[in-house]
Structures are given as structure tokens and as C-alpha cells.
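A quick write-up on the structure given underneath.
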Amino acid sequence: MPLDAAPSTVTCSLAELAVGDAATVRRVGGERRIVVRLLEMGLVPGTVVEVRRRAPLGDPIELRVRGYALSIRRAEAAGILVERP
Amino acid sequence: MSASPGSAPTASPGSRPTATAAAGAAARHPTILLAGNPNAGKTSLFNRLTGARAKVGNYPGVTVERRTGALALPGGRRAAIVDLPGTYSLTARSAEERVAVDALLGRGGSTPDAVIVVADATALRRGLYLATQVIDAGRPVVLALNMIDEADAAGLRVDVERLARDLGCEVVTTAATRRRGIDELAAAVDRALVGGAGAPAPELGARLEGAIARIEDAVRAAGLADDERAVRTLALWAALSVGDDELEVPDALRVAVAEAHDAARAEAWDLDAELVAWRYRRVDAALDDALTGTHDDRKSTSARVDAVLIHPVWGLAVFALVMLIVFQALFAWSEPLVGTIEAAVAATQDAVRGLLPEGAVRDLIVDGIVAGVGNVVVFVPQIALLFAFITVLEDSGYLARVAFVIDRVMGGVGLHGRAFVPMLSGFACAIPAVMATRTLESRRDRLLTMLVVPLASCSARLPVYVLVTAAVFDPDVRVLGVLSIGAVVLLAMYGLSVVASLGAAAVLRRTVLRGPRPTLVLELPPYRMPGVRDVLLATWQRVRRFLIDAGTVILALSIVIWGLLTYPKDGAAEERWEARRAEIAATIPDAEEQAVAIAATEQAQAGEALRRSAGGRLGRVIEPVIEPLGFDWRIGIGIIGAFAAREVFVSTLGIVFDVGDADEESEPLRDALKGAEREDGAPLMTPLVGVSLMVFFVLACQCMSTIAVVRRESGSWKWAGLMVGYMTALAYLASLAVYQVGRLLGLGVT
């Protein structure tokens, strides 16, 4: 009997995560030099990232990655594809 | 005594130091680089290692600060330590960012004999990225795990031996602000200098090896390096750095990098992501082996403090309070110190005047040089206070939160969140504010901010506003029944100042300082207690740089302006005035009356001398140019004098109007202005002229000290010139518009 093929994970952009959500980075997209910077700051595919909070004015957002706090704007977060259970 | 790094002869880039060669190099003064992430306590470690006797300069060709100092190694040798800018990786997009990789590979100088990499022990999973890059470059490396006390407190344990084995270099734990581990670090460096380079870097894996091989060929062909490790380091660096950059790189290399990326894309993988992931896999492997204990940072003190400080309501309240304190410090707390300095300058002038015979030389020394030095030193209290504050804000980690909170507003006009504190400080005084732009990482952001800061309405403009509003507005007229019209106009000037700053930033960002879209990728470090010694040291270094670099320019300009406003003199006229005073002394018996009459002659004499001077004549010459703004030659002289410092406008006007030594509160000066008439008999200072004049002062760059500091911080006269140019144009056009439109509409002409 064929198993149900429905995916058990959700793929979305980092910007779509709610505060408190954690997910795994799948792909970093956007302008190349920003992509390289984000990768080198630790947002490498396979890394777990958590959305800690938003700034009082809504933007930027504070992430928790590799044991430290990193803040990026929603525009950049929108280019990061993540997967969460 | 400190050895200058450039003088240390080292092995050429092509050779691997053998034991004997290394011993030879170590016999001379070795050069050691200090690299590490920002917020890892690198500066603090540098201060402990060099004992605070650092020299500050620039890297050749770029306005990147370069600190060098001397380290006493065990065994008696002295090494030169060169502090590299804090960086998260060797990847570079601009000449400024390239400094680290160039220094590491000895390009444009000599290769370092050893490198100390400083890492924040609580952020190793990110921090070791740079460490592996440096280790792979081939020079002897010692890894300093700084802030080890914080790691211990957080429950993190590092097995130092395992880590050293996994990474292939010596590892030492330190806590720089507590002076722990410094000796061990020096000993490790000593061993590394003799030991030579560590193990070669691990393989990249088939896919990456193939991609990088192409780039390595281009590196070798361009003659950029011949040592295999240097070739690989440069190739890896180029793979991530080259492409939509501002680097000077041989075309062949550029092409090779582009081809490597295209080839990867054609095979459905990303070269950038693979390279970075490869390196992070090594970091993770080493830490999985050597690092134990996790810390749930949600319960940490930093997290709890952040809950308040970034809270929408409390956070903004604390933020406003902190900014208020900074501002108040600049505005008010520096005043007593400034007063003391001014008194000291006056006393020195009197003393020197007494010592020297009358004449031009004495005048030059007393009114030119001593006053000029006074003009420089008077800024020290504000600079020291602001930098002490900024260093505390930065080292404590709060400055990153400020940038985080305010980014949305600043980002809108293309400014970085960290530009907020400098811009706010500009409302007290632009000089320390321009210097404070150093906290911005990108050169473009620094330039943009420093060109716009002088538009903030500084405290020196206040005397001008106060004098003008008192002279043209009736103090009893009320707006909305509460505010006097003078106060409303004053507020309007501050509002104009804010609008102009943000507008100028937006325009400059789209024209002269066009560049890649600014982004925010900001680390929020844990809150820490700043080390008192480090704060004082940083403040002192900043003040010293100001005195040496900007101070000389300010002094020179002071003397020039003094000369313009004093010469040429007329000896015959002076004799006539002396004769008049003798006459008064002889004919008026009453002592008080006599004193008043003599004072009047002195004021009239000063006025005449000023009008006769080069500066005075210049006022006449520019009159046709400033007439459309509503000004006449007397205001013109005031504007010329104000170039020395804006508040000098008031005292200069005092002299021009024969009132003598006046400040903005002076009744005689106000009356003189109210009663002043143009040549055709019409009143000079109408409300419209008053507003036009204030608008001019809001927007014009009338402060030679600002120009000197911008020149210093930007590295060339070009940017300072641009600033003067655009601000003058802006001020002229705005003032023109206000006056002409006002006249057309018949506003405030009476």
C-alpha cells in the first residue's frame, strides 16, 4: 500500500516565521554580496535559526543562530528559505 | 620604544619558514597580527598585550585605522603587534575591507611572523569561521578564547587540547578585561614564532577542488602569490569576494571566478554556499569534539535585560533617557570645563601680552596663536565626554540595540542605525559628532553621515538665533496665546535642521555617495561591563588624534581669519584715536563720565579698524552677492567672522556696530540692530531679514573646525570641500527663496 506522500515539513521564507518559531535554513537568496555575508554570519543551509523578536518599529528582526544574536531586516529575511516541522 | 612593523624583514611570501629560518626571523623584531571578530574584546586584549602604548595611524591608501604596539615576549624579545580591523571573515568587497587579507598574506608589506586570532568564547560556532580562514593561510597562529569567564558562567566548557588538535594551532583562554591569560598568550606566541606554520588545510572535496583549481591557476598566472598556501587562501578569498565589488583585481582572476560560479550553477549547485558550508562543517566538527555544555540564553542576564531595553514601551523610554543624558553631557556638563579653558586662554594671553613688546609679533602670538590654540583645546571636553559615552555604549553592547531600534527610521533615508548617536550629538556640536562616525563600519556610511551631521543645529548657532529673534521679533506677540513668536521661529529652525539632514542624506545617497543598497547585518552582542581602562584609553587616543590632526588645521585657519579681520592697520588713524582719548582725559573731569567716553572711543575705533581690515572690505565686496538674501555688508562681515566659529558672528557684529564686546544678550547690540538702516533709510533688520539670516545659519557650513575634522576623518580635502560647497549652495538658495518669496508676498517686511 503506498504511503501517504504528504510532506511533514513546511517551507517558507524566514520573514514569514512568527516570533518564537525555529526552522532550518534551506537556501539563502537575494543580492549576491548580501547572500555571502549572511552565509558567513552562520546562516548556512542546515543551520537552525530561531526568530527571537521584532524591533519596536517592526523592522529589523532579531534571530538566534549558532548561539548568538543576529539582526537583519525583513527584506533580507524574505530571501532566506527555511523549513520547519 | 616600539618597532615599526614595516621594518621587520621576514621570509619572502614564497617560502615556508624552516626551523632555522624561523629562528632567524625570531631573532629580529617579529611582527604579529591581531585578528578577530568585532565584539570579541580584541581591543581590550591589544591594550593588555601592548601596555597601552599604542601608536595610531592609517593603513596605506585607505582611511582604516591601524593600531600598532610593542609586546614584550618572555625571553626578552620585543614583537610588534599590528591590530587588524575587527572582521567576521576575510571576504572583502572594498579596499577598506581588504586590509585584513592583504596584511595576512603580506601583500604591500612583509608577511607576519605570527597571528593571534581572538574569538569570543561564547560565540565560537560563528567566531571560529575566521579562525580557520587565518589558520589555513599558513602563518603560525595562536587562538585566544577571550571572555572565557563569561563562557564559564554560562556553563560552556572548552577542551583546549582537543580544540588545538582539531584546528592545528595553539589555543589559550583569556579574559582580557580581567587581565587573565595574558602571560600564557605571550608564551604561546613565543612558541608559535619558533614552531612555524601548522598543519595544511584539509581537502575541499572533489566538487570544490575542481572549482577552486581554476581560480588558483589564475592567481598563479597573475603572479599574486607563489606559496601554495597563499595561492589557495587567495583563491578561496577571491571566490567569495570578487563579483559586483570595488576591488582592484586582475581581469584574468575576475574572469576565472565568474567562470567557476557559472560552471557550478550549470551543475545546479552554488559555489558560495558550498564554500561557506565546507568551512562551517570544520568548525562544527571541531566544536562537537571540544565544546561541551549548552546554555539556554533565554534565561541569561543579557536576555532579561533585552526584554526591557528592546521592549516597545520601556525600551524606547530607556533609549530616550540615555540619549538625553548623552546630549545633556555635551550641552551642559562640558560647560564648566569649557569655561575653565577659556579663562586659562585669556590668562595666558594677558601674561604673554605683558612679557612681549608691543607690535605685530606680539599681536600674532597673543591674538593669533594663543587664541588659535584656545580654539582647538576648547573642543576637548566635549570630544572626551562624547567618546567616553560612545565607548561605554559600544563596549557594553547597548549601541547595537540603539541601531536595532532606530534602524527603520534611519534606513528610510539610507543611513545606518549606528549613525543615530553621531547625528544626535551634532545637535550639541558637530566636531565630536563627526569624529563619532568611526563607529560606522562602512566607509560610505561614514562619509554620508559626516557630510550630513553639520546640518544639525549645533549649540553655537543658538547665540545667533537668540540675537536675531530678539532684534526682529516683538517679545510680547504670542502664537496660540502661549508661545512667543521668537520661540516658534526657534523651533522652526530646529525642525528645518532635522528635515535638511535627512533630506541631504537621501540626496547624497542617490548621487555622490551612490553605492550598493545599504543593509543591516548586525550582531547583538551579550551585555558586558566595559573595562574602565579601555574606555579611558580609547577616549585619550581619540582626543590625541584630534589635537594632532584637526588641531593643526584649526590653528592655521584661526590665524588666517584673525589676520583677515585685523589687517591692514592704519597707524595714522590709531594715533588720531589716541589723541582723542588724551583729549577726553584732559577735558572731562568726572571719572565715570570719562570712562564711558573712553569706552565709546575704543568701540568706535575697533569698528573702524574692522571695517578697514581685509575681512571688512571683503564684506563690502560680497555685498552685491548677499543683497538678494536681504543682508548688507555689515552682516557680511559678521558672516565672514562666523567662519571661525558661529558664535563669533555675535561678537563680530558687536564690533561692526560700534557696540564693542557684546554677546547675544547685550541690549546695546540689540538696539543697534533694531535701529540699523540701509543706505536708502529702510530698516535693515526686518523680521523677514531675520528669518532669512537664521535659515542661512541653519544650513551654511560656518565652522572651520568642522571642516578640519571632516578633512581628517574622511582622509582628503575633497570631501570637506564637497561639504562646504553643497551646504553653502543650500544655504544661499534657501535664504534667497525665503527673502524673495517673502518680499513678493509682503510678509514681515516691516
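Just checking the output field for A:40-51: average partner chain Cβ neighbours within 10 Å of each residue's Cβ?
Shielding by partners across A:40-51 averages 5.
Please give the FRET efficiency for B:Gln740 paired with B:Ala360, using the beta carbon to beta carbon distance and R0 = 25 Å, rounded to the nearest 0.05.
0.05
Could you state the per residue volume, in Å³, of the convex hull enclosing the Cα atoms of the range B:161-202?
Roughly 74 Å³ of hull volume per residue.
Given the -39500 (n - 2.57) contribution per DSSP H run of 4+ residues, what per-residue ellipticity at 222 nm results for chain A, rounded to the nearest 500 deg cm²/dmol?
The helix-only estimate for chain A comes to -3500 deg cm²/dmol at 222 nm.
If you line up the long axis of helix B:704-714 against the longest principal axis of chain B, both from Cα atoms, how many degrees apart are they, to the nearest 10?
The angle comes out near 10 degrees.
Treating only the Cβ atoms of Lys and Arg (+1) and Asp and Glu (-1) as charged, compute the dipole magnitude of chain B about its Cα centre; round to the nearest 20 debye.
It comes to approximately 1540 debye.
I'd like to know which of B:Leu145, B:Gly746, B:Ala346 lies farthest towards the positive end of the charge dipole of the protein assembly as shown, counting +1 on Cβ of Lys and Arg and -1 on Cβ of Asp and Glu.
With unit charges placed on the Cβ atoms, the residue in question is B:Leu145.
Could you give the angle, 0 to 90 degrees to the nearest 10, between helix B:380-396's Cα long axis and the longest principal axis of the Cα atoms of chain B?
Helix B:380-396 and the main axis of chain B meet at about 30 degrees.
Using Cα-Cα distances under 8 Å and only pairs 6 or more residues apart, what relative contact order does the range B:174-277 have, in percent?
Contact order relative to length: 24 percent.
Just counting partner chain Cβ atoms within 10 Å, what average do the residues of peptide A:55-65 show around their Cβ?
6
Where the eigenvalues come from the Cα gyration tensor of the range B:569-664, what are the semi-axes √(5λ) of the equivalent ellipsoid, largest first, in whole Å?
30, 15, 10
Stokes-Einstein diffusion coefficient for chain A at 25 °C in a medium of 0.890 mPa s, Rh from the Kirkwood formula over Cα pairs: what value in µm²/s?
D = 186 µm²/s.
How big is D for the range B:660-750, in µm² s⁻¹ as a whole number, if Stokes-Einstein is applied with the Kirkwood radius of its Cα pairs at 37 °C and 0.692 mPa s?
Rounded, D is 214 µm²/s.
Take every Cα pair under 8 Å in the range B:477-620 that's 6+ residues apart, average their separations, divide by the length, and report that relative contact order as a whole percent.
21 percent.
Can you find, among B:Asn37, B:Ala187, B:Val118, the residue sitting farthest towards the positive end of the charge dipole of chain B, where Lys and Arg contribute +1 and Asp and Glu -1 at Cβ?
Sorting the options by dipole projection puts first B:Ala187.
Restricted to Cα positions, what overall size does the protein assembly as shown have along the principal axes? Three whole-Å values, descending.
116, 70, 51
Looking at the protein assembly as shown only, what percent of DSSP beta bridges run antiparallel? Nearest 5 please.
Percent antiparallel among DSSP bridges in the protein assembly as shown is about 70.
Report the dimensions of the range B:75-118 along its three principal axes from the alpha-carbon atoms, largest first, rounded to Å.
On the principal axes, the range B:75-118 reaches 41, 23, 12 Å in Cα extent.
About its Cα centre, what dipole magnitude does the protein assembly as shown give when the only charges are +1 on Lys and Arg Cβ and -1 on Asp and Glu Cβ, stated in debye to the nearest 20?
1800
Can you find, among B:Leu104, B:Ala645, B:Leu730, the residue farthest towards the positive end of the dipole of the protein assembly as shown? Put +1 on the C-beta of Lys and Arg, -1 on that of Asp and Glu.
Farthest along the dipole direction, towards plus: B:Leu104.
Let me have the relative contact order for chain B, percent, based on Cα pairs under 8 Å that are six or more residues apart.
10
On a 0 to 90 degree scale, rounded to 10, what angle separates helix B:443-452 from the longest Cα axis of chain B?
10
Convert each backbone phi in the range B:731-740 into a coupling constant with the Karplus relation 6.51 cos²θ - 1.76 cosθ + 1.60 (shift: θ = phi - 60°), then list the ³J(HN,Hα) values in order as whole Hz, x for Gly and Pro.
Once rounded to whole Hz, the list reads 5, 4, 5, 5, 4, 4, 4, 4, 5, 5.
Let me confirm one metric for peptide B:523-535, namely the mean number of other chain beta-carbon atoms within 10 Å of its residues' beta-carbons.
Across B:523-535, the average partner-chain Cβ count within 10 Å equals 1.
Where does chain B land at 222 nm, in deg cm²/dmol rounded to the nearest 500, when only DSSP H runs of n ≥ 4 count, each adding -39500 (n - 2.57), divided by all residues?
One gets -18500 deg cm²/dmol as the mean residue ellipticity at 222 nm.
At q = 0.06 Å⁻¹, what base-10 log of I(q)/I(0) does the Debye formula yield for chain B when every alpha carbon is treated as an equal point scatterer in vacuo?
Log10 of I(q)/I(0), two decimals: -0.47.
Using θ = phi - 60° and the Karplus form 6.51 cos²θ - 1.76 cosθ + 1.60, what ³J(HN,Hα) does each residue of the range B:424-431 get, whole Hz, x for Gly and Pro?
Rounded to whole hertz, the list is 5, 4, x, 6, 9, 6, 6, 5.
If you place +1 on the Cβ of every Lys and Arg and -1 on the Cβ of every Asp and Glu, how big does the dipole about the Cα centre of the range A:35-85 come out, in debye to the nearest 20?
Charge dipole, the range A:35-85, about its Cα centre: 140 debye, nearest 20.
Rg/Rh for the range B:203-266 to two decimals, with Rh computed the Kirkwood way over all alpha-carbon pairs.
My calculation puts Rg/Rh at 0.94.
Taken together, the values in this text are just the output of simple stated rules run on the coordinates, not laboratory data. This structure is a prediction, so every number in the text was calculated from the model and none was measured. Please note: Cβ atoms are built from the backbone with ideal geometry, for glycine as well, and neighbour counts cover all protein chains shown.
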